[in-house]
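The values are calculated or read from the model by the stated rules, or taken from the named source; none is laboratory data. Keep in mind that what you see is a predicted model, and the values were worked out from it rather than measured. In this analysis, Cβ positions are derived from the backbone assuming ideal geometry, glycine residues included, and neighbour counts consider all displayed protein chains. Accessible surface areas use protein heavy atoms only, side chains included; no ligands, DNA or RNA. Shrake-Rupley method; radii C 1.70, N 1.55, O 1.52, S 1.80 Å.
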Amino acid sequence: MSMFSTGVLVLTSPLHVLPLRIAPVLSSAAQVVERTLYVHLHPGLNLSTGGQVRPVYIPPMMDLCSLISRLYSNAADICGHLDVRVLLTNMSGALGASNGPFPTPQALSHSPEVVLTDFPIHDPGQSSLVSQCLQRYAGHCYVCTPSLSSVLLYSGLGEVMGEEDNDRGRKETQLQSFTDVVVGGTFDRLHGAHKTLLNISCLLASRRFLIGVCDQELFKNKVLKELIEPYGRRVQRLQEFLNDVKPSLKYEIVPLSDPFGPSISDPELQCIVVSEETRRGGEAVNKKRVENGLAELVLYEIQLLKDAHHTDIEEEKISSSSLRTRLLGTLLKPASPRPDLPLDPYVIGLTGGSGTGKSSIALRLEALGAVRIDCDQLGHEAYLPDTSAYQQILQEFGSDILNEDKTINRRILGGKVFGNQERLKALTDIVWPEITRLVKKEIQLAKEQGEKVCVVDAAVLLEAGWTYLVHEVWVATIPEEEAVKRIVQRDGVKEEDAVRRLRSQWPNAKLVEDANVVLCTLWEPDVTQRQILKAWNLLQQRIQQRKEESSRT
């Protein structure tokens with residue numbers, strides 16, 4: 001079956017039986033759609049009439065919240081590669097609303113190329129009729145591509161579609177609505193738990209939805225905070241998702257520099273949506289509101305979504321921190337084209353601050369077959385008497401930096417440049433070009449020996465501007481407090497000296513900005529090894545792809 005980038009899934013099953021059918025429906029839809037799957041709910045829709053089928057308002061019931069949660073949970077488990085979005089334009093708080101929800105087709109962020117449905121077809125002769133009716137229905141609701149295709153999923157869903165539910169007589173309770181609803185969070189890389197929170201908030205809100213988005217000040221204790229997307233990108237993705245889900249709402253997205261933001265000062269707010277783990281935060285908001293003379297907010301609590309794919313270092317719930325952990329070892333952004341560099345060897349520039357485990361990573365890569373080029377060792381060679389740098393250093397800093405054997409005393413030299421940026425630059429302007437020459441020499445030697453991968457282990461890779469020597473930049477990162485502990489234990493220095501050393505280097509966030517691949521040695525050695533194996537295997541695929549592309553040109 002052809003794959004489509006974007007599709008809209010029209011679910012027609014009754015709400016009380018749909019939870020049983022979500023998993024097989026999503027599994028079938030994932031075989032047709034590969035990027036964005038919009039979900040449109042119309043329980044009881046009959047697509048076999050042959051006439052014009054119009055969308056109607058569906059009153060938001062309590063069961064709808066658990067259904068949305070179930071849908072996103074199943075999506076994360078079954079088709080995590082899909083960007084699933086539940087659309088709520090046809091959900092109305094007014095029972096028996098007469099006007100239709102789509103006076104004109106709604107424009108979505110991505111135009112659907114295919115419409116799918118779970119509508120049951122027992123007579124194959126109905127297929128063409130149902131397909132045409134489905135296409136007309138989708139076109140009435142959303143702006144779709146002119147060549148919209150249709151796929152009827154019923155035949156591939158198995159016996160679950162025939163299961164009966166004995167709960168038909170259950171009385172459904174309508175969901176309470178509020179004019180103004182507020183939530184807060186980091187919203188890094190929108191995932192199923194975020195979408196559940198946002199969808200349910202949109203269901204509850206009838207006028208305005210206020211979203212507080214954490215900014216830098218609140219990242220201190222976040223896992224792999226350097227990999228959190230920039231504020232502007234997170235806001236952009238939020239806006240796109242919300243405008244798709246319920247465009248009739250007024251959305252306000254504000255940065256949070258403290259845990260409360262406008263939730264404790266906005267008198268129009270009526271409800272705050274929380275999870276099991278953020279309920280205490282909601283209670284703290286209400287305490288502050290009372291102190292400010294404002295009415296308490298209704299706390300609407302949603303359940304956390306379990307992560308069926310979590311590893312030993314990840315949370316059991318679906319979370320952004322787990323998603324960031326899974327990015328380790330992967331290609332975060334494509335490497336810049338380097339036509340000036342030869343195909344072999346493929347050169348990785350590995351950098352990172354003190355205590356990040358950068359050199360241990362380089363040794364692990366060496367064990368996998370890479371040639372390790374140790375720039376720290378080459379730096380020592382740059383100071384030897386038979387180098388051009390040696391004479392330039394003596395001319396610049398004087399002969400009092402020499403030992404009795406005429407070698408340069410690095411400690412004395414370091415004392416002359418410490419804390420003096422001008423003198424430090426004078427030294428690096430001499431030494432870095434010599435190290436560059438030695439690195440080039442090592443890469444050439446590896447090429448002559450037929451080696452396929454080189455790893456340039458260089459703490460100052462970015463500061464020295466050596467990225468032009470490498471195909472990709474890999475960065476080792478670790479929280480500062482952990483790096484301080486390692487430096488104190490490894491080098492026997494005081495904690496304040498370790499902190500001073502780290503603060504004199506480029507911060508992790510700045511290094512990660514230029515990274516194609518990020519690795520972290522925070523956990524046990526076997527976790528580091530798994531990261532590196534993943535990074536190495538993905539690297540081999542990129543190298544092979546590069547060679548295939550080169551052979552075709």
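Assuming R0 = 60 Å, can you tell me the calculated FRET efficiency for the pair Glu404 and Ser551, based on Cβ-Cβ distance, to the nearest 0.05?
On the way: r = 58 Å, r/R0 = 0.97.
After rounding, the FRET efficiency stands at 0.55.
With +1 on each Lys and Arg Cβ and -1 on each Asp and Glu Cβ, how big is the dipole of the chain about its Cα centre, in debye rounded to the nearest 20? Could the numbers behind the result be given before it?
Details: 60 positive and 69 negative charges, 150 e Å.
It comes to approximately 720 debye.
For the chain, take the longest principal axis of its alpha carbons; what is the angle in degrees between that and the long axis of helix 231-245, to the nearest 10 within 0 to 90?
It works out to around 10 degrees.
Need one number: the % of Cα-Cα pairs in segment 208-343 sitting beyond the 17 Å mark.
On the way: 6570 of 9180 pairs.
Roughly 72 percent, once rounded to a whole number.
Could you tell me which of the pairs Lys220/Lys425; Lys225/Lys288; Lys246/Lys333; Lys225/Lys306 are separated by over 25 angstrom between their Cα atoms in the structure shown? Mind showing how you got there, number by number?
Numbers: Lys220/Lys425 32 Å; Lys225/Lys288 28 Å; Lys246/Lys333 32 Å; Lys225/Lys306 22 Å.
Long pairs (Cα-Cα over 25 Å): Lys220/Lys425; Lys225/Lys288; Lys246/Lys333.
For segment 516-544 and segment 1-28, what is the centre-to-centre distance using only Cα atoms, to the nearest Å?
For segment 516-544 versus segment 1-28, the Cα centre distance is 36 Å.
What's the angle, to the nearest 10 degrees (0 to 90), between helix 18-29's Cα axis and the longest principal axis of the chain?
60
Mind checking the dipole of segment 246-340: about its Cα centre, +1 per Lys or Arg Cβ, -1 per Asp or Glu Cβ, Debye to the nearest 20? Please list the in-between numbers first.
Working: 13 positive and 16 negative charges, 63 e Å.
Dipole size: approximately 300 debye.
Rolling a 1.4 angstrom probe over the protein heavy atoms, how many square angstrom per residue are accessible across segment 423-553? Provide the component values of the computation, followed by the final result.
Details: 6920 Å² over 131 residues.
It amounts to 53 Å² per residue over segment 423-553.
In whole Hz and in residue order, list the ³J(HN,Hα) couplings for segment 67-74 that follow from phi through the Karplus curve 6.51 cos²θ - 1.76 cosθ + 1.60, θ = phi - 60°; x for Gly and Pro.
Working through the residues one at a time gives 5, 4, 4, 5, 5, 5, 5, 4 Hz.
Have a look at His310, Val53, Pro247 and report the one farthest towards the positive end of the charge dipole of the chain, computed about the Cα centre with Cβ charges (Lys/Arg +1, Asp/Glu -1).
Of the options given, the answer is Val53.
If you count only protein heavy atoms with a 1.4 Å probe, what accessible area per residue comes out for segment 328-401, rounded to a whole Å²?
Numbers: 3320 Å² over 74 residues.
That works out to 45 Å² per residue.
From the phi of every residue in segment 176-187, what ³J(HN,Hα) in whole Hz does the Karplus formula 6.51 cos²θ - 1.76 cosθ + 1.60 yield, where θ is phi - 60° and glycine or proline is x?
5, 10, 9, 5, 10, 10, 10, 9, x, x, 7, 6
Modelled label-to-label distance, Leu129 and Arg503, 7 Å Cα→beta-carbon offset: nm?
Roughly 7.8 nm, to one decimal.
Treat each spin label as a single point 7 Å out from the Cα along the C-beta direction, and report the Leu327 to Arg35 distance in nm.
Placing both labels 7 Å along Cα→Cβ, they lie 2.0 nm apart.
Would you work out which of Leu402, Leu331, Thr351 lies farthest towards the positive end of the dipole of segment 280-402? Charges go on Cβ: Lys and Arg +1, Asp and Glu -1.
Selected residue: Leu331.
If you stretched the chain out fully between Thr49 and Leu20, how much longer would it get, using 0.36 nm times the residue separation minus the C-alpha to C-alpha distance? Spell out each step's value before the answer.
Details: separation 29, 0.36 × 29 = 10.44 nm, distance 2.58 nm.
Full extension of this stretch gives 7.9 nm more.
Residues in segment 234-275 near a label at Asn221, defined as backbone nitrogen under 19 Å from the 7 Å Cα→Cβ point?
Within reach of a label on Asn221: 256-261, 274-275.
Between Cys214 and residues 5 or more places away or on another chain, which pairs have amide H atoms under 5 Å apart, with H built 1.01 Å from N, and which residues are they?
The answer is Gly185, Thr186, Leu256.
Placing +1 on the Cβ of each Lys and Arg and -1 on the Cβ of each Asp and Glu in the chain, which of Pro262, Leu148, Phe4 has its Cα farthest towards the positive end of the resulting dipole?
Value computed over the given set: Leu148.
Only four residue types carry charge here, +1 at the Cβ of Lys and Arg and -1 at the Cβ of Asp and Glu. Report the dipole size of segment 62-149 about the Cα centre in Debye, rounded to the nearest 20. All intermediate terms of the calculation are to be shown ahead of the outcome.
Details: 3 positive and 6 negative charges, 41 e Å.
So the magnitude is around 200 debye.
Compute the distance from the alpha-carbon center of segment 224-261 to that of segment 441-513, in whole Å.
Segment 224-261 and segment 441-513 have Cα centres spaced 33 Å from each other.
When you have a sec, figure out the Kirkwood radius of segment 252-316 from all distinct Cα pair distances and drop it here in Å to one decimal?
On the way: mean 1/r = 0.0744 Å⁻¹.
Answer for segment 252-316: a Kirkwood hydrodynamic radius of 13.4 Å.
What is the extension gain from Lys534 to Gln421, computed as 0.36 nm multiplied by their sequence separation minus the C-alpha to C-alpha distance, in nm to one decimal?
On the way: separation 113, 0.36 × 113 = 40.68 nm, distance 3.96 nm.
Separation in residues times 0.36 nm, less the Cα-Cα distance, equals 36.7 nm.
Over all directions, how big on average is the projection of the convex hull of the alpha-carbon atoms in segment 1-81, in square nanometres?
Numbers: hull surface 24.1 nm².
So the mean shadow area of the Cα hull is 6.0 nm².
How large is the Rg to Rh ratio of segment 1-139 when both quantities use alpha carbon positions and Rh follows Kirkwood? Before the final figure, lay out each step's value.
On the way: Rg = 14.5 Å, Rh = 15.6 Å.
Ratio of gyration radius to Kirkwood radius for segment 1-139: 0.93.
Give me the one-decimal nm value for the distance between modelled label points at Glu240 and Ile412, 7 Å along each residue's Cα-to-Cβ direction.
For the pair Glu240/Ile412, the computed spacing is 6.1 nm.
How much of the accessible area of the chain, probe 1.4 Å, is carbon plus sulfur, in whole percent?
Values: 13130 of 26640 Å².
C and S atoms contribute 49 percent here.
Name the residues whose placed amide hydrogens come within less than 5 Å of the amide hydrogen of Glu229, ignoring near sequence neighbours (fewer than 5 apart) on the same chain.
Arg189
With a probe of 1.4 Å, find how much accessible area segment 245-309 has per residue, and write the answer as a whole number in Å². Mind showing how you got there, number by number?
Values: 3720 Å² over 65 residues.
On a per-residue basis, 57 Å².
Using the Karplus curve 6.51 cos²θ - 1.76 cosθ + 1.60 with θ = phi - 60°, what ³J(HN,Hα) values do you get for each residue of segment 430-444, in whole Hz, with x for Gly and Pro?
For segment 430-444, the Karplus curve yields 8, 7, 4, x, 5, 4, 4, 4, 5, 4, 4, 5, 5, 5, 4 Hz.
Between Leu445 and Gln377, what is 0.36 nm times their sequence separation minus the Cα-Cα distance? Round to one decimal in nm.
Working: separation 68, 0.36 × 68 = 24.48 nm, distance 1.66 nm.
Between Leu445 and Gln377, full extension yields an extra 22.8 nm.
Long-range amide H contacts for Val274: which residues qualify at under 5 Å (H placed 1.01 Å from N, peptide plane, sequence gap of 5 or more or a different chain)?
Under 5 Å from the amide H of Val274: Tyr300, Glu301, Ile302.
Over the Cα atoms of the chain, how large are the radius of gyration and the largest Cα-Cα distance (Dmax), in Å?
29.6, 100
So what's the back-of-envelope 222 nm ellipticity for the chain, counting only DSSP H runs of four-plus at -39500 (n - 2.57) apiece and dividing by all residues, rounded to 500?
Numbers: 16 runs with 212 residues, N = 553.
So the helix-based figure for the chain works out to -12000 deg cm²/dmol.
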